[in-house]
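What follows is a set of notes on a single structure, which appears directly below.
The values are calculated or read from the model by the stated rules, or taken from the named source; none is laboratory data. These figures come from a predicted structure and were not determined experimentally. Cβ sites come from the backbone with ideal geometry, for glycine too, and all protein chains shown count toward neighbours.
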Amino acid sequence: MNEHAGPVTVAVSRRVRPEREADFETWASGICEAAEKFPGHLGSGHIRPAETGGEHTIVYRFDTPEHFEDWQNSLERSSWLDASRELIAGEPRVERATGLEFWFHDPSCSYGTPPPVWKQAILTEIGLYPTVLVVAYTVGLLIAGWPLPVRSLVTTALSVTLMTWVVMPVVSRMFRGWLRSRSST
């Protein structure tokens, strides 16, 4: 299944039975730790709902579709899913992204279709330019004496991290109406 050679990000959202919240927290930690042991695992995390009764989301990221499929089809994952059946209400909602569209994920939209690529490109530039400038003028200046490949690695890693978990969630919220408007697609 090599539809894309790059990373795969999957978000699985579940409603947890109110009386089982503590058990689900333990379960979520366990399944994330189990995923970490698989080849190609780039990270996972548990996003808790803002209010009681909201959806819990677990996000997994793997370096290739093949490594993701290895996790997806594993007995380990199947065992963890079986253990979660009594903790959740209803069926989980799964969203998969193989590119930058994960930066534009909007959990409030049920249709799950990413915005047009040209809108993603414009908002990526809006977020990326100031992020790269800030990183270059702060961290970049602090490590100016380091070899160029190492400086580039550090500043790129920091910029991508900031874009993924700080900048793009804010930019996506600010431009939500424009991103999701169907008239401009």
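Whenever a residue of the range 16-29 is assigned by TED's automatic domain parsing to the domain that holds residue 93, its partners that are in a helix (DSSP H, G or I), lying with C-beta atoms within less than 7 angstrom and at least six residues away or across chains, give the pairs 16/24; 27/83; 27/84.
Need a quick list: helices (runs of 4 or more DSSP H) entirely within the range 141-185 having at least 2 residues that are at pLDDT 85 or above and within 18 Å of the chain's Cα centre (by Cα).
Filter on the range 141-185 gives 148-162.
Any residue in the range 101-123 that is modelled with pLDDT of 85 or more, of a type in the set (A, V, I, L, M) and outside the structural domain of residue 30 (by TED's automatic domain parsing)? Yes, some residue in the range 101-123 is modelled with pLDDT of 85 or more, of a type in the set (A, V, I, L, M) and outside the structural domain of residue 30 (by TED's automatic domain parsing).
When residue 43 is tested against (1) more than 15 Å from residue 87 (Cα to Cα); (2) exposed (fewer than 15 other Cβ atoms within 10 Å of the Cβ); (3) more than 15 Å from the chain's Cα centre (by Cα), only condition (3) is not met.
The residue that is farthest from residue 18 (Cα to Cα), among those in the range 37-94 that are in contact (Cβ under 8 Å) with a residue 60 or more places away in the chain and hydrophobic (A, V, I, L, M, F, W, C), is 68.
Listed here are the residues, each with its yes/no results for (1) outside the structural domain of residue 122 (by TED's automatic domain parsing); (2) crowded, with 17+ Cβ neighbours inside 10 Å; (3) closer than 23 Å to residue 7 by Cα.
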| residue | (1), (2), (3) |
| --- | --- |
| 153 | no, no, yes |
| 159 | no, yes, yes |
| 167 | no, yes, yes |
| 176 | no, no, no |
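Of the residues making up the range 152-185, just one is over 22 Å from residue 115 (Cα atoms) and in contact with a Gly (Cβ under 7 Å, 6 or more places away or on another chain), namely 155. Considering every residue within the range 45-55, establish whether at least one is modelled with pLDDT of 90 or more and over 21 Å from residue 168 (Cβ atoms). So far as the range 45-55 goes, no, none of its residues is modelled with pLDDT of 90 or more and over 21 Å from residue 168 (Cβ atoms).
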